[in-house]
Amino acid sequence: MSIGPPSGISLVSTATPRKSGQHTPESWSKWTHPSIEPLFTKRVMKALPSWTEAFSLVSEFFSHEHQVFPCFNAPAFMCLLGQQYSGACTESPAWWVSLNSVLAIAQRRRAEAAQSAEAEDLAWAYASNALAGTWDVLMRSTQLSSVQALLAIAWFFIGTPNPQPSFMLVGCAVRLAHSIGIHVESQDPSVSSAEANMRKKVFWIAICLDRELCLRTGRPPCHDLNAAYVDPPMGSLDETEIIKTVEGHELNLFKGQIQLAAIQSAIYQDLHSSKAPPNGIADSVAELLQKLENWRTEFAPSLTHDSAGRCEHHGLMRLYFSYYNAVIVVSRAHSLTYWVSPNHPEMSALPSKMRDSIENCLNASRCIIELSKLIPVTWKSFHW
């Protein structure tokens with residue numbers, strides 16, 4: 001499921017002779033005081049389903065969610081699933097959290113399609129299993145699979161009314177990514193190209209989720225791409241991440257997410273951070289709007305400034321909402337004095353650039369409303 005060294009300091013440990021009885025870096029990462037050991041006892045809130053049911057749910061996850069959330073390697077995950085049901089399962093808390101998160105996500109999709117409260121309760125039961133192991137992942141599991149596990153349970157909570165768990169889980173995933181060093185280019189010669197690609201992919205999934213959640217609420221992101229940057233895994237994009245639009249065009253959702261996340265990062269940097277130019281808002285807004293327009297042309301050509309298009313793959317629809325939200329955030333920055341004024345002046349009395357910004361906000365808002373009307377009632381978690 002995951003690849004890479006168990007800890008960011010393991011690269012040093014392999015070259016350092018150790019005396020008998022000396023602690024290894026991995027042992028220190030798992031250290032806890034005996035008083036809190038009971039907190040890490042594995043708790044099973046809901047027994048795992050039968051092999052047939054588990055295989056079916058996991059297969060549905062990779063056929064439906066993988067295009068928008070390619071956090072796992074499918075063959076490796078299936079191999080671990082087989083070990084889980086053959087009695088040779090790993091005791092890794094990260095695997096337990098990942099497996100139950102995948103089961104919860106797939107089960108919730110089934111529940112939405114069937115409009116079944118009982119099936120939805122089952123999804124939450126699997127999510128409870130995942131949450132019960134999250135504490136162990138946070139405290140004693142420093143490896144790539146730990147980052148994957150936190151992102152997976154965060155993905156489940158993104159589809160709920162309360163965004164707080166996803167904020168915290170994604171933030172912890174980013175920090176854990178820092179601790180194992182996947183936020184920088186690996187210099188380890190033992191890391192294969194496939195391993196390096198997976199590390200990059202997991203890191204960028206964390207960045208995409210972090211940027212999206214932060215831009216919605218105005219919170220600062222957990223990672224500054226200007227301080228530490230890893231090239232996206234664009235050279236080896238997986239065919240399983242390709243979707244077809246209603247018009248028959250092939251589209252890589254993950255590539256679209258990465259490029260939109262880079263723009264979202266620039267939005268925070270140029271408009272909201274302490275480094276934002278105090279007197280250059282107009283130039284920043286124009287540049288950011290052009291970047292968004294370039295993104296729309298490549299990944300959402302069916303969208304226009306006054307039309308929301310048609311219902312597409314749920315991952316693409318999510319990107320549509322994110323795009324329009326970004327347009328509003330950028331345009332609003334140029335017309336902030338208008339929005340906060342208790343007495344709005346006449347539009348004709350405003351400067352032309354401010355009128356254009358207000359019009360952009362209104363058009364994007366109307367498109368969001370139109371998009372919402374396209375969402376099927378069975379996409380319950382999507383509405384959040």
Exercise. Can you flag which of K291/K380; K244/K373; K200/K373; K244/K291; K291/K373 are past 30 Å Cα-Cα?
Worked result: K291/K380; K200/K373
Seminar exercise, completed: Packing-ranked peptide list from 104-110, 180-186, 42-48, highest mean Cβ count within 10 angstrom first, is 104-110, 180-186, 42-48
Seminar exercise, completed: HN-Hα couplings for the range 89-97 via Karplus (6.51, -1.76, 1.60; θ = phi - 60°), in whole Hz with x for Gly/Pro, come out as 6, 6, 8, 5, x, 5, 5, 4, 5
Exercise. Spin-label point model (7 Å from Cα, Cβ direction): what's the Y229 to E370 distance in nm?
Worked result: 3.5
Seminar exercise, completed: Taking 0.36 nm per residue of separation between S302 and S63 and subtracting their Cα-Cα distance, the length gained on full extension comes to 83.6 nm
Seminar exercise, completed: Here FRET efficiency (C-beta to C-beta, D283 to L48, R₀ 51 Å, nearest 0.05) is 0.35
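A short reminder: the numbers here are calculations on the coordinates, not readings from a lab. Every value quoted in this text rests on a predicted model; they were computed, and no experiment measured them. Cβ sites come from the backbone with ideal geometry, for glycine too, and all protein chains shown count toward neighbours.
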